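Trainee: Sharing a structure below in structure tokens format, with a few things to ask.
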Amino acid sequence: MMIKYLLTAMSIITVFVSVTPPLAQQASAQPDVTIRWPVASQKVQAEGEWITIDESSPESDRVIVPRLFHVIREVLVSNPAADTTWQSVEMTPEIENWTVPIPAELQSARQLRVRLRLDRPFNGFLTQPTLVPDPDGTVVLPANAAITSGEKLRFEPQAYKDTVGYWVEAGDTVAWKFSTIRAGDYDVHILQGCGSGSAGSRVVARVGDEQVDFAIEETGHFQRFVWRQVGVLKLPKKSQLTLSLHVQNKPHNAVGDVRQIRLVPHDIPKSNTPDSVRDIREVSPDLVVPALIGDTPRAGRRVRVRCPAVASDDIFFSLYLPVNWQPNQKFPVLVELPGNGGYRNAWGDTCSGDVADACMGYGIAGGQDAIWVVVPFLNANGTDVVRTWWGDPTKYSVDATLRFLNAALDEVIQKWGGDKERVVLAGFSRGSLACNYLGLHNDQIASRWQAFICYSHFDGVEQGWPYPQSDCASALKRLSRLGDRQEFVCMESGPAYERIREYLSEVEDPDRFSVRATGFRNHNDQWLLRPSATRRALRHWYQELP
């Protein structure tokens, strides 16, 4: 689709926007054919999840871009005239604009190019959209669609924040526009964070004459978000309503952060309850995974890390340090193994097999309280990453992958505060099979794990995989190394889930296994970026591990 942007200088910027709207969390109408891009010196092009902004008159040390109704996963800067490489930078959000800092070596450039990686294809909106409900009637109000009023309160678009924040003035307010598809009572759920010693502010959520009064609770960190149900609103069926938050009392310096609000109708049809089979695109996410970047590890960032034990620059693992990470403190570690690449099914689910596209660990921990690591599978010589299975056909040796897995885990423990007593191995599809096939391959590697999380497939259930010793007898031998540790096993709803449940009901000590259907039809780890009954159960299981 081609969209034209009118500038204040009355010139026209043509922006090519490739938009494939998801079912959930979309504005009530597509953007106008022509809308104003408020910076006359900027030429803009949008393609997929990327917006490229060419600034012809940059200030010496910054580029100012308008606030967008998107989460920003990555910000890159370059000098197009000098064909310089892209440099990753951290933007500063103001209330109406965002400031992109320019590295010192680029500050003399006459033209600069900024690339913003968004959470989804550019929606074209530069004014607040009206949000439509998910198919079950749930109204989802994300921080990225909010408008703030006042002196300090603003939307912070970085993926690890993704929040309405800087709420230090009691007179500041925030509001969302939305529609409803049915009248009735709606439970009000809020995803909020609040730092230590800052709890207790009283806030009112107001829609017309209806309101809910609640207190902000402490979560240990302003970006440590926790879902809470705070009350009930009676809403009409209407094409446009406004929900606003107002502070009634602020006993400390700050109120808290708000990432999302959900208005859940009491009369959701039974076919759309969390225990039924849905498509993930019918449920709006509450998490945006930070992009994988080349940077120094720090809290809230996801970076590429290369092991000294491997010479190739193309072989790395991803490291995410949680928002509440502190040096000299120990944190649990979630190690994730990705699925097979080249996968696509009839529902539109895909898997690249790349470390960068994995998201299971981020969904399990919510980006907080645990270090998240994604480790690739290597070929037999350990010289390249393989996106299908491990090793080389037809032997499929795991030796090189196990060496790299051990080396990556050692680095996380020694350098970044990973707690060697609290390391959980997780995997999706290929990675789920590998949890036991690799994770319990021998006594040495088996000893490194506190527990296991297997999503979609389980070692020994299905016969005929191409790698050696994939049969049931060999799998049960590997499973004997589990001991009294626990495994959480989940599968998309359907016959495959029933086969796994039956298989695990007959193994020795079946109580070690928590077996759940995801409630979604999809073969897709992105179900973990959305609220569901099984995600709640998994998070509870993970938090209660001995």
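Readers should treat all values here as calculations from the given coordinates under stated rules, not as data from a laboratory. Keep in mind it's a predicted model, so treat the numbers as computed, not measured. Every residue, glycine among them, receives a Cβ derived from its backbone with ideal geometry; neighbour counts consider all protein chains shown.
Trainee: Please rank Phe125, Phe69, fewest neighbouring Cβ atoms within 10 Å first, as an exposure proxy. Numbers along the way, then the final one.
Mentor: On the way: Phe125 17, Phe69 21.
Fewest-to-most ranking of Phe125, Phe69: Phe125, Phe69.
Trainee: Just the number: Rg to Rh for the stretch 465-533, Cα atoms, Kirkwood Rh, two decimals.
Mentor: Result for the stretch 465-533 is an Rg/Rh of 1.00.
Trainee: Starting from the Cα-Cα distance between Ala407 and Glu506, subtract it from 0.36 nm times their residue separation and give me the gain in nm to one decimal. Write down the numbers at each step before the final one.
Mentor: On the way: separation 99, 0.36 × 99 = 35.64 nm, distance 3.55 nm.
That works out to 32.1 nm of additional length.
Trainee: For an R0 of 45 angstrom, estimate the FRET efficiency from the Cβ-Cβ distance between Asp61 and His252 and round to the nearest 0.05. The partial results should precede the final answer.
Mentor: Values: r = 34 Å, r/R0 = 0.76.
The computed FRET efficiency comes out at 0.85.
Trainee: Only bridges with both residues in the stretch 292-543 count here: give the DSSP antiparallel percent, nearest 5.
Mentor: 30
Trainee: Right, here's the next one. With an 8 Å cut-off on Cα pairs and a minimum separation of 6 or more residues, tell me the relative contact order of the chain in percent.
Mentor: Here the relative contact order equals 10 percent.
Trainee: If you place +1 on the Cβ of every Lys and Arg and -1 on the Cβ of every Asp and Glu, how big does the dipole about the Cα centre of the stretch 191-276 come out, in debye to the nearest 20?
Mentor: 180
Trainee: Now for a different question. Which of Ala407, Ser198, Gly439 sits closest to the plus end of the dipole of the chain, meaning its Cα is farthest towards the positive end, when Lys and Arg get +1 and Asp and Glu get -1 on the C-beta?
Mentor: The residue sitting most towards the positive pole is Ser198.
Trainee: Expressed in nm to one decimal, what extension gain is obtained for the pair Asp185 and Lys237 from 0.36 nm per residue of sequence separation less their Cα-Cα distance? Write out the running numbers ahead of the final one.
Mentor: Values: separation 52, 0.36 × 52 = 18.72 nm, distance 1.10 nm.
Contour length minus Cα-Cα distance gives 17.6 nm.
Trainee: Related question: Based only on the alpha carbon positions, what is the Kirkwood hydrodynamic radius of the chain, in angstrom? The partial results should precede the final answer.
Mentor: Values: mean 1/r = 0.0403 Å⁻¹.
Radius from the Kirkwood sum: 24.8 Å.
Trainee: Okay, moving on. Just order 498-511, 324-337 by mean Cβ neighbour count inside 10 Å, highest at the front, would you?
Mentor: 324-337, 498-511
Trainee: Here is a follow-up. Could you give the nm distance between label points at Thr127 and Ala81, where each point is 7 Å from its Cα heading toward the beta carbon?
Mentor: Between Thr127 and Ala81, the label points sit 3.7 nm apart.
Trainee: In whole Å, what three semi-axes, largest first, describe the equivalent ellipsoid of the stretch 102-209 built from its Cα gyration tensor (square root of 5 times each eigenvalue)?
Mentor: Details: eigenvalues 198, 91, 33 Å².
After scaling each eigenvalue by five and taking roots: 31, 21, 13 Å.
Trainee: Based on the Kirkwood radius over alpha-carbon pairs, what value in µm²/s does the Stokes-Einstein equation return for the translational diffusion coefficient of the stretch 292-543 at 10 °C and 1.306 mPa s?
Mentor: Taking Rh from Cα pairs, D becomes 88 µm²/s.
Trainee: Continuing with the same structure: Per 0.36 nm of contour for each residue apart, how much would the distance between Glu47 and Asp443 grow if the chain were fully extended, relative to their Cα-Cα spacing? Mind showing how you got there, number by number?
Mentor: Values: separation 396, 0.36 × 396 = 142.56 nm, distance 4.89 nm.
Contour length minus Cα-Cα distance gives 137.7 nm.
Trainee: Now for a separate question. Averaging the inverse of every distinct alpha carbon separation and then flipping it gives the Kirkwood radius. What is it for the stretch 300-372, in angstrom units? Write out the running numbers ahead of the final one.
Mentor: Details: mean 1/r = 0.0723 Å⁻¹.
So the Kirkwood estimate lands at 13.8 Å.
Trainee: Let me ask something else about it. Counting Lys and Arg as +1 and Asp and Glu as -1, each charge on the Cβ, what is the dipole of the chain about the Cα centre in debye, to the nearest 20?
Mentor: The calculated dipole for the chain is roughly 580 debye.
Trainee: Another one. Taking the Cα atoms of the stretch 258-357, report the difference between the largest and smallest coordinate on each principal axis, in whole Å and largest first.
Mentor: Result, largest extent first: 56, 36, 20 Å.
Trainee: Can you list the HN-Hα couplings for the stretch 444-453, worked out from phi with the Karplus curve (6.51, -1.76, 1.60; θ = phi - 60°), rounded to whole Hz and with x for Gly and Pro?
Mentor: So the J values, rounded to whole Hz, are 5, 5, 5, 6, 8, 10, 7, 6, 9, 10.
Trainee: A further question on this structure: Tell me the Rg and the Dmax, in Å, that the Cα atoms of the stretch 130-268 produce.
Mentor: 14.1, 40
Trainee: Between Val168 and Thr296, what is the FRET efficiency for a Förster distance of 35 Å, r being their Cβ-Cβ separation, to the nearest 0.05?
Mentor: 0.75
Trainee: Any idea how far apart Asp484 and Arg115 come out in nm if each label point goes 7 Å out from Cα toward Cβ?
Mentor: Label at Asp484, label at Arg115, 5.3 nm between them.
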